[in-house]
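These notes are about the structure you will find just below.
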Amino acid sequence: MYNITIIDDNQQDLNYIFSLINNYCQINKHEVKIQCCNDPLQIKDLINQDLIFLDIDMPSINGIQFATTLSNNTIVIFITNMEHLVFDSFKVHPFDFIRKSQMNKELSYTLKAVFNLIDEKNKYLILKIKQGKVKIKINDILFCETTDHITTIYTINELFQVRKSLKEIMMMIQSNKFFHINKSYYVNLEYVKVYDRKKIIMYNDKIISIGKNKYHLFLQRYLS
């Protein structure tokens, strides 16, 4: 289930955006719950929203200004006639900026990309550890380290040790966000803080060496 909010002070535009999103989701069999609103200041609960489609030019508050009040985990897509504000909108890191004049053409591409992103974020592993079985969100994994047939999975908040090879874990994750940096480490590129030709430093300050002949491939993947 995807939770979607559409905010636009123009009721005609609001209805049209709703119909386009709803039709796309029905055709592609996405289960969604959509709420619509003319005034962003009237919405009380946006915490559990996966995705917000937001107009910019509204009487109660500017859409870009309103976006600064949202959680960093909320995906924002601007849909507006104010095309000259596209660069201003970058301040709040929107997922996309859709022109109302091209909405019928651009919206389907954006929806496909954003649903893929949400699905990627929600993937998880179920692994057996000493205490029992554990569910680990793939997006929370910083890196995996293998030593003596034991793979240690480091996440944002904790670590887990499993009796699986690094290759087995790599096959289970299967994400382009991860890179086999050397024979013992499989790292989430989104959590690489600093790098040079010989090493990377992760967000938890772990220093990991870059394997022989791996630097150029790492750089290509990291910057893509």
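The values are calculated or read from the model by the stated rules, or taken from the named source; none is laboratory data. Quantities reported herein were computed from a predicted structural model and do not represent experimental measurements. Reconstructed Cβ throughout: ideal geometry from the backbone, glycine too, with neighbour counts over all protein chains shown.
Filtering the stretch 67-104 to residues that are touching a residue at least 40 places away in the same chain (Cβ under 8 Å) and either out of contact with any strand residue (DSSP E or B) (no Cβ under 8 Å at 6 or more places or on another chain) or assigned to a helix (DSSP H, G or I) (or both) leaves Lys100, Met103, Asn104. Suppose the filter is more than 29 Å from Gly132 (Cβ to Cβ) and basic (Lys, Arg); does Lys206 pass it? The answer is no for Lys206. For residues in the stretch 30-58 being surrounded by 15 or more Cβ atoms within 10 Å (Cβ to Cβ) and out of contact with any strand residue (DSSP E or B) (no Cβ under 7 Å at 6 or more places or on another chain), which is nearest to Leu20 (Cα to Cα)? For the stretch 30-58, the residue satisfying everything is Asn38.
For every residue, the table says whether it meets (1) part of a loop (DSSP other than H, G, I, E, B); (2) under 18 Å from the mean Cα position of the chain (by Cα); (3) free of Cβ contacts under 8 Å to residues at least 12 places away in the same chain.
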| site | (1), (2), (3) |
| --- | --- |
| Phe115 | no, yes, no |
| Glu145 | no, no, no |
| Gln161 | no, no, no |
| Ile169 | no, no, no |
| Ser175 | yes, yes, no |
| Phe179 | no, yes, no |
| Asn213 | yes, no, yes |
| Gln220 | no, no, yes |
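Please enumerate the residues belonging to the stretch 34-78 that are β-branched (Val, Ile, Thr) and under 15 Å from the mean Cα position of the chain (by Cα).
Scanning the stretch 34-78 gives Ile52, Thr74, Ile75, Val76, Ile77.
In contact (Cβ under 8 Å) with a residue 24 or more places away in the chain, assigned to a loop (DSSP other than H, G, I, E, B), assigned by TED's automatic domain parsing to the domain that holds Tyr109 and not hydroxyl-bearing (Ser, Thr, Tyr): does that describe Ile64? Considered against the rule, which asks whether it is in contact (Cβ under 8 Å) with a residue 24 or more places away in the chain, assigned to a loop (DSSP other than H, G, I, E, B), assigned by TED's automatic domain parsing to the domain that holds Tyr109 and not hydroxyl-bearing (Ser, Thr, Tyr), Ile64 comes out as no. Of all residues in the stretch 1-14, exactly one satisfies the criterion of being in contact (Cβ under 8 Å) with a residue 12 or more places away in the chain, surrounded by fewer than 16 Cβ atoms within 10 Å (Cβ to Cβ) and either in a helix (DSSP H, G or I) or of a type in the set (Lys, Arg) (or both), namely Gln11. Quick one: would you say Thr155 is without any contact (Cβ under 8 Å) to a residue 24 or more places away in the chain, assigned by TED's automatic domain parsing to the domain that holds Val187 and under 28 Å from Pro94 (Cβ atoms)? It is true that Thr155 is without any contact (Cβ under 8 Å) to a residue 24 or more places away in the chain, assigned by TED's automatic domain parsing to the domain that holds Val187 and under 28 Å from Pro94 (Cβ atoms). Just wondering, is there one or more residues in the stretch 129-142 that are touching a helix residue (DSSP H, G or I) at 6+ places or on another chain (Cβ under 9 Å), in a strand (DSSP E or B) and in the same structural domain as Lys29 (by TED's automatic domain parsing)? Checking the stretch 129-142: not a single residue is touching a helix residue (DSSP H, G or I) at 6+ places or on another chain (Cβ under 9 Å), in a strand (DSSP E or B) and in the same structural domain as Lys29 (by TED's automatic domain parsing).
Only one of the numbered conditions (1) under 23 Å from Ser209 (Cβ atoms); (2) in contact with a helix residue (DSSP H, G or I) (Cβ under 7 Å, 6 or more places away or on another chain); (3) surrounded by 17 or more Cβ atoms within 10 Å (Cβ to Cβ) is violated by Ile156, and that is (3). Consider the stretch 96-121 and keep the residues that are in contact with a helix residue (DSSP H, G or I) (Cβ under 8 Å, 6 or more places away or on another chain) and within 19 Å of Lys33 (Cβ to Cβ). The one that is surrounded by the fewest Cβ atoms within 10 Å (Cβ to Cβ) is Lys121.
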